[in-house]
Every structure is written in C-alpha cells, then in structure tokens.
1. On each of the three principal axes of the Cα atoms of the range 1-148, give max minus min coordinate, whole Å, ordered largest first.
2. Could you order Asp56, Asp191 by accessible surface area, starting with the largest, using a probe radius of 1.4 Å?
3. Compute the label zone of Leu160 within the range 204-244: residues whose backbone N is under 16 Å from the point 7 Å along Cα-to-Cβ.
4. Run the dipole for the range 59-126 about the Cα centre, Lys and Arg Cβ at +1, Asp and Glu Cβ at -1, nothing else charged, and hand back the magnitude in debye, nearest 20.
5. Counting only protein heavy atoms and a 1.4 Å probe, tell me what percentage of the range 221-267's accessible area is made up of carbon and sulfur.
6. Given Cβ point charges of +1 (Lys, Arg) and -1 (Asp, Glu) and nothing else, what value in debye, to the nearest 20, does the dipole of the range 227-267 about its Cα centre take?
7. Which value, in Å², gives the accessible area per residue of the chain when a 1.4 Å probe is used on the protein heavy atoms?
8. By how many nm would the segment from Ser214 to Lys240 lengthen if fully extended, with 0.36 nm per residue of separation less the alpha-carbon distance?
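The values are calculated or read from the model by the stated rules, or taken from the named source; none is laboratory data. Keep in mind the model is a prediction, meaning the values are calculated, not measured. We place every Cβ from the backbone using ideal geometry, glycine too, and count neighbours over all the protein chains shown. Side chains included, ligands, DNA and RNA excluded: accessible areas come from the protein's heavy atoms. Shrake-Rupley method; radii C 1.70, N 1.55, O 1.52, S 1.80 Å.
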Amino acid sequence: MANFQTNDKVRIKYHIQGKEDGQALIFIEGYSGNEATWAAQINDFVKAGFKVITYDRRNHGKSQSVPYGMQIARHGFDLAELINHLKLKKPVLIGHSMGASTIFAYLSLFGCQNVKAVVTEDQSPKAISENDWVFGLFNSSWENFYKNAALIETTKLTRLPISSEIKRILGEAYRSYQPFDFHFNQPLLLDSLVQDWREEIKNETVPHLFLAGSASPLWSSEHSKAAASLNPFARAYTFKGCGHIPHLESADEFNRLVIKFIQKNSY
C-alpha cells in the first residue's frame, strides 16, 4: 500500500492494480467506508485491462485522520492531488455515495478537462427536498434535515444479500482498521449533505452514468434519472431490488454495466 501527502500534510493511502498502461480508473468509497468496499470489483476490472486505483479518503480506512479538512471540497481537492501525484491523464472517476460527492466537488473545482468519464452510485446531487427537487435524504426538508442526517449511522444500507466471500474480505479489512468515528466526522457528513451539485452536472462535458438502487433506504431511486436529465452526456440505470450499495449487492451486474460503459466511452 503506497501513500502520498496532501498539501495540508495528510497521509493518503492508495493501491494500484492492473495494467500499467490501461485506462486509469479511480474508485472512491462512501462515508465511513474504505477501499476494501470495492473488493468485488477489482478482479473483473483488472481482467478487463484497466489500471485500477483505490484509495482511502482522509479520515477513512488507513489514511490519516485529522480534525481539519472536514469539507467535501477538501476531499475533492485531495482527489485532484492524487491524480496529480500519479500523473494520470483523463482517469475515469467512480464514486459511491459520498465518494460521488467527492467527484462532484472535484468537478466544481477543476472541471472535466482531465476526466474521461464519470460513474456515480446512489448519491442524490441534492440531499434536501424543496419545491424543485423531491429526492432528499429520507425526504428531508430544511426543518428536519439535521435530525434525519443522524439516522445514517444506524440505517441498514443493503437490501440484497452480499456473497459470503465478499463478507469475509470486508470483515478482515475492517478488523485491520480503527473503527470509523461517526461523531468526529459528523461535520464532514453535514457539509457534504447540504451541497447542491445540479449546476455542476449541467456543466459536465464528459459521459456520466448515474446509478441507483431501486430499494435504497436513503432516497428515491428516481434521483438518478432526474440528475441524468440535466445533461445530454448523462444517462441513468437502476439496479432492481438493491439498496444503497449495488456494487456489493449486485456485483456482477454492476461490473458488466460499468465496464461496458467505460469501454464505450474510453476511445
């Protein structure tokens, strides 16, 4: 496991696997997750000829935890620093949940100039419901948003069973990490959830695949179609019966779909 240091002196851990000269893919985990949550993807994407990069965001997994940088914009900047550190040319960015918000933050800061394509999984670009957007977290309004945000820690996120092998890999990985501190990282969660990324989506000039689980406990899966409708380069797909983590709940379907999307848009 390699590492680099951000410009505000935080150690970020990362892995590179696969074909050195293959199309680079960066997988970005969700809130409280770590790079091991992509265990069901690595082999298939490596076999498909890609250069696969996974990393732990600051305060996640084996990366350094610090009491600063609790803004999703900082996580977007960290992603830019990883891309620069590895000298990547037009990687494909693949993010789940807050990993998707990390991508939105990156795009808001740097645009699409050095991005080949984007895949975001089960993350509404606006987590608070208002008159023009009805796909908020637990259908939150500004009045009950903070109360509802606290429910994430105890919400069961999956709806379909995860394979015993993936459970074993995840269990071993999580036992090797310090437990994620939800209270300590609450400022990051709240900062991420109050953002509205719809204008950034409208400005994208690269292919974007919005994914959702039809049984996600966090928000209506219709958020993916609504987000995709904002940009002619985007399209949406919903995994039937899946909760918030389709890449684990329906791993084979996720892998086939995303590999096909990338192959179609990488040349």
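1. Principal-axis extents of the range 1-148 (Cα, largest first): 49, 33, 29 Å.
2. Values: Asp56 0, Asp191 40 Å².
The residues order as Asp191, Asp56, largest area first.
3. The answer is 211-217, 221, 237-244, whose backbone nitrogens lie closer than 16 Å to the label point.
4. On the way: 7 positive and 4 negative charges, 48 e Å.
Using only the charged Cβ atoms, the result is roughly 220 debye.
5. Values: 1200 of 2260 Å².
C and S atoms contribute 53 percent here.
6. Working: 5 positive and 3 negative charges, 40 e Å.
Approximately 200 debye in magnitude.
7. On the way: 11790 Å² over 267 residues.
I get 44 Å² per residue for this part.
8. On the way: separation 26, 0.36 × 26 = 9.36 nm, distance 0.52 nm.
Extra length from Ser214 to Lys240 when fully extended: 8.8 nm.
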